[in-house]
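Data block below; observations after.
Every number here is computed from the coordinates shown, using simple stated rules; none is lab data. Note that the coordinates shown come from a computational prediction; the quantities given were computed from them, not determined experimentally. Cβ: placed from backbone, ideal geometry, glycine included. Neighbour counts: every protein chain shown.
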Amino acid sequence: MLNLPNRPRRNRQSLALRNLIEENKLHVHDFIAPLFVHAKQVSENIEAMPGCSRLSISDLVKECGELVQLGIQGVILFPAIAEELKTSCAAECYNQDGLIPQAIEAIKAKYPQLLIVTDIALDPYNSDGHDGIVNTDKNGNITILNDATVTTLCQQALCHAKAGADIVAPSDMMDGRIGEIRAALDSQDYQDIAIMAYSAKYASAYYGPFRGALESAPKAGDKKTYQMNPANTSEAFRELALDQAENADILMVKPAGSYLDIIYQYRKQSNLPIAAYQVSGEYLMIEAGAAAGWLDKDKLIEESLLSIKRAGAHIIVSYYAKYWAQNLQK
Ligand code: PBG
């Protein structure tokens with residue numbers, strides 16, 4: 001024997017010991033499940049995201065029932081809007097009889113305790129496919145109009161609040177929108193509606209499949225004038241400070257897996273709860289690796305989610321929320 005009194009492996013030698021010293025555990029309450037909804041009567045598989053569906057409102061309500069059964073407490077809704085309802089001013093986003101208000105009302109009628117988060121951004125409703133209102137000059141160059149967009153986002157947030165949403169989640173990355181949305185909600189007595197701000201939202205290739213799911217990809221240009229450069233950290237703190245000053249209730253980092261350093265630092269820097277979104281591309285990388293027989297799906301899911309939690313996220317938005325909760329019951 002060597003003289004090695006310091007042996008960390010002593011604590012790992014049995015399952016019971018390993019369990020005893022486990023520092024982070026996923027819990028079903030950590031999750032928010034993203035759900036896609038469309039106005040059609042029948043649900044459809046999403047080609048760009050195998051394993052996910054665009055749900056009819058009645059199937060959406062059923063799905064929510066299954067999530068509630070499993071102990072999941074929150075959903076975030078994304079609408080696939082019919083092409084003919086999309087316009088350059090995206091006015092459908094605040095139609096009180098529109099898809100999202102109907103979906104919220106249908107869910108709340110059956111599962112009032114289920115937290116409903118809604119995405120605040122124009123891309124599903126915008127014929128230009130951008131999160132903001134697009135101005136095109138005579139040479140075809142586009143700019144995203146910040147202030148006009150913020151005004152529309154406020155109308156959208158109010159519309160969702162009226163329909164019964166619990167939390168609005170602005171994912172658009174326009175300047176000043178958190179403060180304006182807060183003021184708009186407060187002015188109509190919706191001071192209890194929380195804002196989950198996508199504070200550090202990076203311009204990411206990992207969103208590709210999601211845009212396929214909603215057919216919401218930008219028609220021209222990219223999202224780099226509003227979403228952040230993956231190379232940057234300081235900028236994420238500038239956004240954090242602003243969203244906090246504008247009274248966001250929860251701060252979100254997105255994507256999650258490639259931005260664990262940002263999650264970690266957000267958790268240290270802020271007293272607000274931190275959410276992280278394991279996005280469509282992260283989901284599909286796991287799906288593809290597993291389908292090819294290269295990777296163990298269940299272990300990879302557990303490890304990826306646990307890493308997000310270990311980095312510091314209180315809340316995990318993941319397409320695996322239901323799958324994970326189902327595995328727990330096996
Ligand atoms: C749109 C929005 C996107 C996602 C959530 N809200 C796409 C984008 O910004 O282009 C991505 C989610 C995912 O990839 O799972 N405002």
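Residue order for Val117, Val68, Val42, fewest other beta carbons within 10 angstrom first, comes to Val42, Val68, Val117. Note on Ser199, Ser14: ascending count of other Cβ atoms within 10 Å places them as Ser14, Ser199, the fewest first. Once the Cα atoms are used to define both axes, helix 260-269 deviates from the longest principal axis of the chain by about 80 degrees. Computed packing ranks the peptides 268-276, 317-325 as 317-325, 268-276, most packed first, by mean other Cβ atoms within 10 Å. The dipole here belongs to the chain: it is taken about the Cα centre, uses +1 on the Cβ of Lys and Arg and -1 on the Cβ of Asp and Glu, and is about 1480 debye. Overall, the anisotropy analysis places the range 26-328 in the rounded class: the square-rooted eigenvalues a ≥ b ≥ c of its C-alpha gyration tensor yield a/c less than 1.5.
Here's the list of lysines a cross-link from Lys110 could span, going by alpha-carbon distance under 18 Å and ignoring same-chain residues fewer than 8 apart: Lys62, Lys162. The charge dipole of the range 207-330, taken about its Cα centre with unit charges on the Cβ of Lys, Arg, Asp and Glu (plus for the first two, minus for the last two), comes to roughly 80 debye.
Remark: Asp222, Asp249, Asp119 ranked as Asp222, Asp249, Asp119, counting other beta-carbon atoms within 10 Å and listing the fewest first.
Taking a ≥ b ≥ c as the square roots of the Cα gyration tensor eigenvalues, with a/c under 1.5 meaning rounded and otherwise prolate when a/b beats b/c, else oblate, which class fits the range 174-283? Cα axes put the range 174-283 in the oblate bin. Quick one: plug the Kirkwood hydrodynamic radius of the range 76-184 (C-alpha pairs) into Stokes-Einstein at 20 °C, 1.002 mPa s, and report D in µm²/s. D = 151 µm²/s. Between Ala183 and Leu2, full extension at 0.36 nm per residue minus the direct alpha carbon distance yields a gain of 58.4 nm. Putting +1 on Lys and Arg Cβ atoms and -1 on Asp and Glu Cβ atoms, find which of Tyr264, Asn95, Ser53 reaches farthest to the positive end of the dipole of the range 26-328. Highest projection toward the positive end goes to Tyr264. Restriction of the trypsin sites (Lys or Arg not before Pro) in the range 1-57 to DSSP coil positions whose beta-carbon has at most 12 other beta-carbons within 10 angstrom yields Lys25. In a simple Cβ point-charge model (Lys, Arg +1; Asp, Glu -1; nothing else charged), the range 39-142 has a dipole of about 280 debye relative to its Cα centre. The Cβ shell under 14 Å around Ala205 holds other residues with a net charge of +3, Lys and Arg each +1, Asp and Glu each -1. Within the chain, the longest run free of GluC sites (Glu not before Pro) that sit in a DSSP loop with at most 16 other Cβ atoms within 10 Å is 48-214. Taking a sphere under 14 Å around the Cβ of Ile100 and counting the other residues whose Cβ falls inside, with K and R at +1 and D and E at -1, yields a net charge of -3.
Note on the chain: helix-only mean residue ellipticity at 222 nm, from DSSP H runs of 4+ residues weighted -39500 (n - 2.57) and normalised by residue number, equals -11500 deg cm²/dmol. Within 13 Å, Cβ to Cβ, of Ile193, how many net charges do the neighbouring residues add up to if Lys/Arg are +1 and Asp/Glu are -1? Net of charged neighbours comes to -3.
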